[in-house]
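Comments concern the structure below.
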Amino acid sequence: MNFTHYTDEPIRLAVDLVNTLQPVTGIDQLTDLAALRAFLRAHDQAGRPTARDLDGVRRLRADLRAVFAAGDPEAAGECVNHVLEEAGATPRVSLHSGEPHLHFQPVGSGLADRIGVAAAMGLAVVLCDEAGRLGVCASASCQEAFVDMSKNRRKRFCSEACAHRESVAAFRARRRPAS
């Protein structure tokens, strides 16, 4: 998969944000402002988050998870459109780096909206150019979001570790004597 530079970072941002809440265990990595600041630093996102921003980013996380869990391109598209609408996405040409390029964040938007628009636009590009690439790990003990980078678009697990763990469990289940 060869996403553009503008798309790579927003996709990584979306996946990592969704995966800050582990749905199986309920472990939440965005419990306070310090955790949000660390997440923002790790993704080169500027800003001084407030408690309101933390709440907004956590709501955004749930909306983005719905994109990965949608199961089909039409439902995923509806979820992406919801995020874009909620965040007030406004396409505009910017020349701040000397080269014309697109920005979608509304001028003067809050932190959650800026992150939401960037992540949703990245997901929209993947969805429109490479439908079927977004998913949630099929491992019952994981369920993390991922982007399928395989040639055949048949990836079911977020990592080789999850695929192997499920394969071993299935093998052992077949070997157990029937009761």
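With a probe of 1.4 Å, find how much accessible area segment 131-179 has per residue, and write the answer as a whole number in Å². Mind dumping the intermediate values first?
Values: 3510 Å² over 49 residues.
For segment 131-179, the per-residue accessible area is 72 Å².
Nearest 20 debye, what's the magnitude of the dipole of the chain about its Cα centre given +1 on Lys and Arg Cβ and -1 on Asp and Glu Cβ?
Numbers: 22 positive and 22 negative charges, 187 e Å.
It works out to roughly 900 debye.
Using a 1.4 Å probe over the heavy atoms of the protein chains, calculate the carbon and sulfur portion of the accessible area of segment 65-118 as a whole percent. Each step should come with its number before you reach the end.
Working: 1660 of 2970 Å².
The computed percentage sits at 56.
If I build a Gaussian network model for the chain, linking alpha-carbon pairs within less than 10 angstrom, which residue out of 152, 81, 19 has the largest mean-square fluctuation?
Comparing 152, 81, 19 in the GNM, the peak value goes to 152.
So between residue 72 and residue 37, what do we pick up on full extension, going 0.36 nm a residue minus the alpha carbon distance? Working shown, then result.
On the way: separation 35, 0.36 × 35 = 12.60 nm, distance 3.33 nm.
Here the segment from residue 72 to residue 37 would lengthen by 9.3 nm.
Quick one: net charge around residue 110, please, counting Lys, Arg +1 and Asp, Glu -1 for every other residue with C-beta under 14 Å from its C-beta.
Values: positive: 48, 52, 58, 59, 114; negative: 53, 55, 86, 113.
Net of charged neighbours comes to +1.
Report the residues of segment 148-165 in range of a label on residue 27: point 7 Å along Cα→C-beta, backbone N strictly under 20 Å from it.
157-165
Compute the relative contact order of the chain as a whole-number percentage, counting only Cα pairs closer than 8 Å that sit 6 or more residues apart in sequence. Each step should come with its number before you reach the end.
Working: 222 pairs, mean separation 40.5, N = 179.
Worked out over the chain, it gives 23 percent.
Between residue 138 and residue 175, what FRET efficiency comes out of the Förster formula 1/(1 + (r/R0)^6) with R0 = 22 Å and r the beta carbon distance, rounded to 0.05?
On the way: r = 21 Å, r/R0 = 0.97.
Using R0 = 22 Å, I get an efficiency of 0.55.
Could you check the simple spin-label distance between residue 97 and residue 8, using points 7 Å along Cα→Cβ, in nm with one decimal?
1.1 nm
The values are calculated or read from the model by the stated rules, or taken from the named source; none is laboratory data. Since we're looking at a predicted model, the values are computed, not measured. No Cβ is skipped: glycine too gets one built from the backbone with ideal geometry, and neighbour counts run over all protein chains shown. Heads up: the accessible areas ignore ligands, DNA and RNA and are worked out on the full protein's heavy atoms, side chains in. Shrake-Rupley method; radii C 1.70, N 1.55, O 1.52, S 1.80 Å.
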